[in-house]
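Please treat every number below as a calculation from the coordinates, not as lab data. Note that the structure is predicted; figures quoted are calculated from it, not measured. Positions of Cβ are backbone-derived with ideal geometry, glycine not excepted, and every protein chain shown enters the neighbour counts.
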Amino acid sequence: MPIIFACISPHPPIILPSVGSEKDRKQVKKTIESLNSLGNKLKESNPDSIIISAPHPDWGFNVPLHFLAQGFKGEIKTYLMGLEEPKFYFEDGKKVYKSKIQNQKSKIAVIASGDLSHCLKEDGPYGFHLEGPKFDKELIESLKNKDVENILKLDNKYLEAGECGLRSFCFLLGILEESGINYKPEILSYEGPFGVGYLVVNFKLK
């Protein structure tokens, strides 16, 4: 199998040493520790290339790559997510696997960049909404249970969750689905001290 590493990474600029203060970074200690751990795993897997999906340019790619792929010299291919339904990106992930990955002899790492709800606290980016924590909880539980069908429906179920990563995650899940790899999502950390949900997931590939 060409895919040898897969993960979900948040992308808040505040976790970068050049952006967030020491006080800020202490509040997201679990996230930073999890990303550093993932970075070691990616390095050990020694991929030839990286595929990374994100809902935003700039920090959407730069933050995960800072922690996961510092010094990486191989090819990095990026995919900008749009506003289509999550199902569209799940199917797009399948197409990318068939057209770009399936017949590759090189080793490939896949990173899905994105944050969860931005509505977890009154002083968060979009204020507080009940759907925020509910969305995050159901997404995490669905990942644990590998309930892809439910994940594809979360966008319509939680219209006020204010998430940004669902489509990026579905793109990764589409790639894994089409590959036929037996995978197990491992939740490394989840926290939201600034009103935004930061989820770090390692996909154990068998």
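For Lys105, the lysines whose Cα falls under 28 Å of its own Cα, not counting residues fewer than eight places away in the same chain, are Lys41, Lys43, Lys73, Lys77, Lys94, Lys95, Lys146, Lys184, Lys204, Lys206.
With kT/(6 pi eta Rh) evaluated at 25 °C and eta = 0.890 mPa s, and Rh the Kirkwood radius from Cα pairs, the chain diffuses with a coefficient of 146 µm²/s according to Stokes-Einstein. Taking a Cβ cut-off of under 15 Å around Ser106, the surrounding Lys, Arg, Asp and Glu residues balance to a net charge of +3, with basic ones at +1 and acidic ones at -1. Direction-averaged projected area, Cα convex hull, the stretch 147-206: 4.6 nm², rounded to one decimal.
For the peptides 124-133, 71-80, residues were scored by their other Cβ atoms within 10 Å and the scores averaged per peptide; the highest-first order is 124-133, 71-80. Couplings for the stretch 62-75, taken from phi via the Karplus curve 6.51 cos²θ - 1.76 cosθ + 1.60 with θ = phi - 60°, read 5, 5, x, 5, 4, 7, 9, 9, 4, x, 5, 9, x, 6 Hz in order; Gly and Pro are left as x. Counted residue by residue at 0.36 nm each, then reduced by the alpha carbon distance between them, the extension gain from Ser37 to Leu83 reaches 13.4 nm.
In this structure the amide hydrogen of Glu191, modeled in the peptide plane, comes within under 5 Å of the amide hydrogens of Tyr198, none closer than 5 places in sequence on its chain.
Taken over the C-alpha atoms, the stretch 84-182 has Rg and Dmax values of 14.8, 49 angstrom. Treating each Cα of the stretch 111-167 as an identical point scatterer and summing with the Debye formula, the log10 of I(q)/I(0) at q = 0.18, 0.20, 0.25, 0.26 Å⁻¹ comes to -0.55, -0.67, -0.99, -1.05.
Net charge within 12 Å of Pro55 by Cβ-Cβ distance, Lys/Arg positive one each and Asp/Glu negative one each, not counting Pro55 itself?
Residues close to Pro55 contribute a combined charge of -3.
Given a Förster distance of 41 angstrom, what is the FRET efficiency for Lys73 paired with Leu130, based on the Cβ-Cβ distance and rounded to 0.05? With R0 = 41 Å, the Cβ-Cβ based efficiency is 0.35.
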